[in-house]
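Working notes, structure below.
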Amino acid sequence: MNPVSRVLIVSHDAVLARAMSKGLQLAAQKLANPFGLCFATAASPQNALAEIAADGELQLVLVDRYLQSGGSYGDVVALINAIGEFRPELSCYVLLGDEDEKLQIDELASHALSGYFYRDEADYPGWFRILSAELAEKSATPFYDALRRYVSMAKDSWHTPGHSGGESLRGSPWVGDFHEFVGENMLRADLSVSVPMLDSLMHPTGVIAEAQALAAKAFGARETYFATNGTSTSNKVIFQTLLAPGDKLLLDRNCHKSVHHGVILSGARPVYLDSSVNRQYGIFGPVPKVTISQAIADNPDARVLILTSCTYDGLRYDLAPIIAAAHAAGIKVIIDEAWYGHARFHPALRPTAMEAGADYATQSTHKVLSAFSQASMIHVNDPDFDAHLFRENFNMHTSTSPQYNLIASLDVARKQAQMEGYRLLARTLKLAEELRLKIDATGVFRVLGLDELLPEEVKGDGVRLDPTKLTIDISRSGYGAEELQRELFERFNIQVEKSTFNTLTLLLTIGTTKSKVSRLMDAMLRLARAQKPPRPLVRLPEMPRFTRLACLPRDAYYEAGERLALFDDEGRPNNALIGRIACDQIVPYPPGIPVLVPGQLIDESVLTYLARLMKAQKGIEMHGLADLQGEMAIRVLAEKELARLHCNINMS
């Protein structure tokens, strides 16, 4: 399938616009046209912006300096900047009368221009070649191309990995089916770092460096790094780069557990910010803006602030004022954008963290774009970025045997997002709206809107919702969340993203199709018609607020500790845990928010919550609990360790 790449010529001079369109189209017929360049015209800035909004196959815009009769430089610059604000992935060229005009426009335009043409030259074949070269540069996948080229060479493998390009699997009576299942190219592309032409992820100077530079430009960053072990490790790398032992950071308690692991590894001193909570639906929202502002004011020695935007449920901060306040206090800002890596490519989802001024953003490219699982990106805009220190920390966590297929998938995912992300996301957003209306029409299930999802304490904070994440209220269906998920999976072959006690969450991506929507709606309608009688839903106990740290998380984690059972011999919460200091991170999943972190004081509210949770939700995963002769236990600091660490265990 060949692509279509439309070029929009914007000029009030209809004769000129037709001549340019005709001349360029003739050049396209005579010359190689691998990108399917074709041409359209717009007579005014308004018409141009309407075309840009409507046409997902538009790739380039050529703006006449004499945009309007009697128009000024400002008219041209305003249009160019508006295009950059609306669709930053589009390339813009300007048609000039002379060199002086170029200097004027260069000085005024904030959006990076790709180039200029001159009216009196009318070199249409030459212009066509330049436009084609622009698309070739944008759509290049340097690493993927090199990997594919190497695989096609069919070199004999005398190096790792041991399957030797799949030869150990091929034809095996025991595991030959795995070769057939995975595919020959996938196995041949699973290579050793012994192949120089594929560059080094740990010290890239060739095709990986080129691919990362293209990603940085596409995502609006100064620097971008590919990570093959997920955003979890990406967060830890940034923490170790910015934080020395004892440094203070402000963090959303609702952050992914990798952030809390990063606190342990870095030896930092965390100030935990309690998230807002929608108790009706068991959904955790952003940290209230007033809480963040107060934490910044109360902690002038803080070095870093980290927030998650958007959340698992699609709630995203109004980041710009928060980041500005942090920067005014000398605090670097990291945004975990694991669930929001697609936002750059549609105006309905922007601004991104980078656009809002964040110093660092981590994205799980695999969650919402076309990269393979574990493939993530780190974007950097920090003006004080220490590339050497970052690289040392990156290499501390990165495997010396990276999976090349993951790197290739990041290269390809960036290309797709840049070249057709707007069109695909426009389709996704349309399908999301259609699905919302159809689910609501069942009369049994309904999609929660922003106002219903937002906890009261953040309703004035400018929080917005990513419409590609649909949270469905199931409380009127007669089904419990686990039962409904099981019905969808076993009867209708549908797997949803997550659930609370009375909601299901659907994730729509650029891979969502009309057929998938149709199959889902058929299932929802059938389940709605079952007319099961309503039943009380088992509500999760309310998570207690953060108690306090008695010592640094790293100090508590690295002690041997002792194990105390969660329940006593009568099956009641073990009161011996009250007043003790946790050594491990205890995380119930869902919701995936730590109830305890290393160094945290255990009080009665924490103990009661954990006990109730374990008894009320049999299917819940509880990460971090220890085993004590077959019983659930919590590892806590021993008395001699408390004395050595000078822990403050005062319960007041």
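The values are calculated or read from the model by the stated rules, or taken from the named source; none is laboratory data. From a predicted model like this one, the values you see are computed outputs, not experimental measurements. Cβ: placed from backbone, ideal geometry, glycine included. Neighbour counts: every protein chain shown. The area values use the complete protein model at the heavy-atom level, side chains included, leaving out ligands, DNA and RNA. Shrake-Rupley method; radii C 1.70, N 1.55, O 1.52, S 1.80 Å.
Would you call residue 328 modelled with pLDDT of 95 or more, under 18 Å from residue 417 (Cβ atoms), surrounded by fewer than 21 Cβ atoms within 10 Å (Cβ to Cβ) and of a type in the set (A, V, I, L, M, F, W, C)? When the stated conditions are applied, residue 328 does not pass them.
Take the conditions surrounded by 17 or more Cβ atoms within 10 Å (Cβ to Cβ), over 30 Å from residue 289 (Cβ atoms) and modelled with pLDDT under 95 and apply them to residue 253. Does it pass? The answer is no for residue 253. At pLDDT below 95, polar (S, T, N, Q) and part of a helix (DSSP H, G or I) - does that describe any residue in segment 607-628? Looking for residues that are at pLDDT below 95, polar (S, T, N, Q) and part of a helix (DSSP H, G or I), one finds at least one in segment 607-628, hence yes.
Listed by position, the helices (runs of 4 or more DSSP H) contained in segment 90-190 that have at least 2 residues being of a type in the set (A, V, I, L, M) and at positive phi form an empty set.
Write out, first by first residue and then by second, each pair whose Cβ atoms fall under 8 Å of each other, whose residues are 6+ apart or on separate chains, and whose first residue, in segment 73-95, is of a type in the set (Ser, Thr, Tyr) while the second is part of a strand (DSSP E or B) and open to solvent by 40 Å² or more (accessible area, probe 1.4 Å). Partner pairs satisfying both residue conditions: 93/116. Taken over segment 547-568, the criterion of being buried (at least 20 other Cβ atoms within 10 Å of the Cβ), within 31 Å of the chain's Cα centre (by Cα) and assigned to a loop (DSSP other than H, G, I, E, B) is satisfied by 552 alone. Does residue 50 satisfy being surrounded by fewer than 17 Cβ atoms within 10 Å (Cβ to Cβ), modelled with pLDDT of 95 or more and out of contact with any helix residue (DSSP H, G or I) (no Cβ under 6 Å at 6 or more places or on another chain)? Yes: the conditions hold for residue 50. The condition of being open to solvent by less than 20 Å² (accessible area, probe 1.4 Å), of a type outside the set (Asp, Glu) and part of a helix (DSSP H, G or I) holds for residue 259. Selection of segment 57-82 for residues being buried (at least 18 other Cβ atoms within 10 Å of the Cβ) and either in a strand (DSSP E or B) or at pLDDT 95 or above (or both) yields 58, 59, 60, 61, 62, 63, 64.
List every residue pair whose Cβ atoms sit under 7 Å apart, with the two residues 6 or more apart in sequence or on different chains, where the first one lies in segment 424-451 and is in contact (Cβ under 8 Å) with a residue 60 or more places away in the chain and under 20 Å from residue 523 (Cα atoms) and the second, anywhere, is of a type in the set (Gly, Ala, Ser) and surrounded by 21 or more Cβ atoms within 10 Å (Cβ to Cβ). These pairs meet every condition: 444/477; 445/477.
For segment 149-157, the condition holds for at least one residue, the condition being that it is open to solvent by less than 40 Å² (accessible area, probe 1.4 Å) and either closer than 30 Å to residue 32 by Cα or touching a Cys at 6+ places or on another chain (Cβ under 7 Å) (or both). Every test in (1) part of a loop (DSSP other than H, G, I, E, B); (2) open to solvent by 20 Å² or more (accessible area, probe 1.4 Å) is passed by residue 240 save one, and that test is (1). The residues on offer are 279, 269, 303, and the sole one that is basic (Lys, Arg) and either in contact with a Gly (Cβ under 7 Å, 6 or more places away or on another chain) or buried (at least 24 other Cβ atoms within 10 Å of the Cβ) (or both) is 269.
Hey, can you tell me all the residues within segment 306-325 that are surrounded by fewer than 20 Cβ atoms within 10 Å (Cβ to Cβ) and of a type in the set (D, E, K, R)? Before the answer, list the steps.
Residues of segment 306-325 that are surrounded by fewer than 20 Cβ atoms within 10 Å (Cβ to Cβ), as a first pass: 318, 320-321, 324-325.
Correct list: 318 only.
Filtering segment 558-596 to residues that are at pLDDT 90 or above and on the phi > 0 side of the Ramachandran plot leaves 561, 579.
Regarding segment 525-540, can at least one residue be identified that is of a type in the set (Gly, Ala, Ser), surrounded by 16 or more Cβ atoms within 10 Å (Cβ to Cβ) and either part of a loop (DSSP other than H, G, I, E, B) or in contact with a Pro (Cβ under 7 Å, 6 or more places away or on another chain) (or both)?
Taking segment 525-540 and keeping what is of a type in the set (Gly, Ala, Ser), we get 528, 530.
Subset that is surrounded by 16 or more Cβ atoms within 10 Å (Cβ to Cβ): 528.
Restricting the remaining residues to those that are either part of a loop (DSSP other than H, G, I, E, B) or in contact with a Pro (Cβ under 7 Å, 6 or more places away or on another chain) (or both) gives none.
No, segment 525-540 contains no residue that is of a type in the set (Gly, Ala, Ser), surrounded by 16 or more Cβ atoms within 10 Å (Cβ to Cβ) and either part of a loop (DSSP other than H, G, I, E, B) or in contact with a Pro (Cβ under 7 Å, 6 or more places away or on another chain) (or both).
Looking across segment 483-496, the residues that are touching a residue at least 12 places away in the same chain (Cβ under 8 Å) and either assigned to a helix (DSSP H, G or I) or under 15 Å from residue 432 (Cα atoms) (or both) come down to 484, 485, 487, 488, 491, 492. Scanning segment 569-606 for residues that are part of a strand (DSSP E or B) and open to solvent by less than 10 Å² (accessible area, probe 1.4 Å) returns 581, 582, 586, 587, 588, 596, 600, 601.
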